[in-house]
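Here's the structure we're looking at; comments come further down.
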Amino acid sequence: MSQSLAHTMKLMVSLLVVFLGVFASFSLSAHGVDEDTKQFLILNEGVSILPFIYIGAKHMVTGYDHLLFLVGVIFFLFRSKDVLLYVSLFTLGHSITLLFGVLSDIQINAYLIDAIIGFSIVYKGFDNLGGFKRIFGFQPNTKLAVMIFGLFHGFGLATKIQEFNLPQEGLVPNILAFNVGVEIGQFLALGVVLILMSFWRRHRSYLQFSTAANTLLMSAGMMLVGFQLTGYFTG
């Protein structure tokens, strides 16, 4: 084994340990929002376009579960038009259920919906590893799967908003603004991810460690599922 490869492997293991530790600490407070945002949502009355755009963007940028799924989606997408297509399907899915869930007041247990979101990360990592073809002998429709999981991610966003019982006055424009903010945050976060991945893709280690990276994705998703189900049964 070359010295550079050994160094890269050590770095990957270190990043894995750090990531799992940080992920675990985030997962323990997955349903929380910062105090300033909480107070604003509780006290807000009427239309507040810019604040809701900001809150939506911040939620997506710090929404590690949504971002991990997107990392899995784009991991083996090397053409810009493919990235745009899959991200658009995900965006369409979560936009539909975010708006529909809040405006129709559809109540879903936050722990269960977040567990499904965690499962979506497991699914994508497993899919990237070729697990379906290898074990089950077939390949699910990837585009349809991204769209469907996008619907669940949207319900996850909706449950966060519904916890604050927002007043009906100005609800529609505020939720639309929140959704716009989510898309802005997704665009910014995805841009950073794509820049980092473009640098990594220049090195052979990208494909050499693709198995480790997608196994890490699956591990993170399984941790999220476990934390959320624990919260559901003990909360």
Over the heavy atoms of Glu163, what accessible area does a 1.4 Å probe trace out, to the nearest 10 Å²? 90 Å²
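Pairs to check: Lys81/Lys133; Lys38/Lys81; Lys133/Lys160; Lys124/Lys160. Give those whose C-alpha atoms are more than 31 Å from each other in this structure.
Working: Lys81/Lys133 25 Å; Lys38/Lys81 38 Å; Lys133/Lys160 36 Å; Lys124/Lys160 24 Å.
Among Lys81/Lys133; Lys38/Lys81; Lys133/Lys160; Lys124/Lys160, the Cα-Cα distance tops 31 Å for Lys38/Lys81; Lys133/Lys160.
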Hey, in the GNM for the chain with a 10 angstrom Cα cutoff, which one of Met218, Met60, Met197 fluctuates hardest? Met197
Check the straight Cα-Cα distances from Lys58 and name the aspartates and glutamates below 19 Å, setting aside those fewer than 8 residues away within the same chain. Asp34, Glu35, Asp36, Asp114, Glu163, Glu183
Enter the accessible area of Leu92 (Å², nearest 10), with the probe set to 1.4 Å and all protein chains included. 90 Å²
Report the paramagnetic label zone for Ile106: residues of the range 123-164 whose backbone N is under 15 Å from a point 7 Å from Cα along the Cα-to-Cβ axis. 147-162
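Please sort through the DSSP H helices of the chain and keep those with an alpha-carbon extent of at least 20 Å along the long axis and a Kyte-Doolittle average not below -1.0.
Helices passing the filter in the chain: 3-28, 80-103, 110-128, 142-162, 171-200, 210-234.
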How do Asp105, Asp114 stack up against each other in accessible area, from largest to smallest, with a 1.4 angstrom probe? Asp105, Asp114
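Provide the packing ranking of 173-182, 82-91, i.e. peptides ordered by the mean count of other C-beta atoms within 10 Å per residue, highest first. Before the final figure, lay out the partial values.
Numbers: 173-182: 21.1, 82-91: 17.1.
Put in order of decreasing packing, that is 173-182, 82-91.
Can you tell me, using C-alpha contacts under 8 Å and at least 6 residues apart, the relative contact order of the range 49-150 as a whole percent? Walk me through the numbers on the way to the answer.
Values: 51 pairs, mean separation 40.6, N = 102.
Once normalised by length, the contact order is 40 percent.
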For the chain, with only Lys/Arg (+1) and Asp/Glu (-1) charged at the beta-carbon, what is the dipole magnitude about the Cα centre, in debye rounded to 20? 1280 debye
Suppose only helical runs count, i.e. DSSP H with n ≥ 4. What mean residue ellipticity at 222 nm does that imply for the chain under -39500 (n - 2.57) per run, divided by all residues and rounded to the nearest 500 deg cm²/dmol? -26500 deg cm²/dmol
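Please work out the ratio of the alpha-carbon Rg of the range 49-234 to 2.2 N^0.38 Å and round it to two decimals.
Working: Rg = 16.8 Å, N = 186, 2.2 N^0.38 = 16.0 Å.
Cα Rg divided by the expected 2.2 N^0.38 Å: 1.05.
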Between Ser210 and Val47, what is the label-to-label distance in nm when each label sits 7 Å out along the Cα-to-Cβ direction? 4.9 nm
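Using only alpha carbon pairs under 8 Å that are at least six residues apart, calculate the relative contact order of the range 49-234 and give it in whole percent. Each step should come with its number before you reach the end.
Numbers: 221 pairs, mean separation 81.6, N = 186.
Dividing the mean separation by the residue count of the range 49-234 yields 44 percent.
The values are calculated or read from the model by the stated rules, or taken from the named source; none is laboratory data. Everything numeric in this text was worked out from a predicted model, so none of it was measured. Note that we place each Cβ from the backbone using ideal geometry, even for glycine, and neighbour counts take in every protein chain shown. With ligands, DNA and RNA removed, areas are computed over all heavy atoms of the protein, side chains included. Shrake-Rupley method; radii C 1.70, N 1.55, O 1.52, S 1.80 Å.
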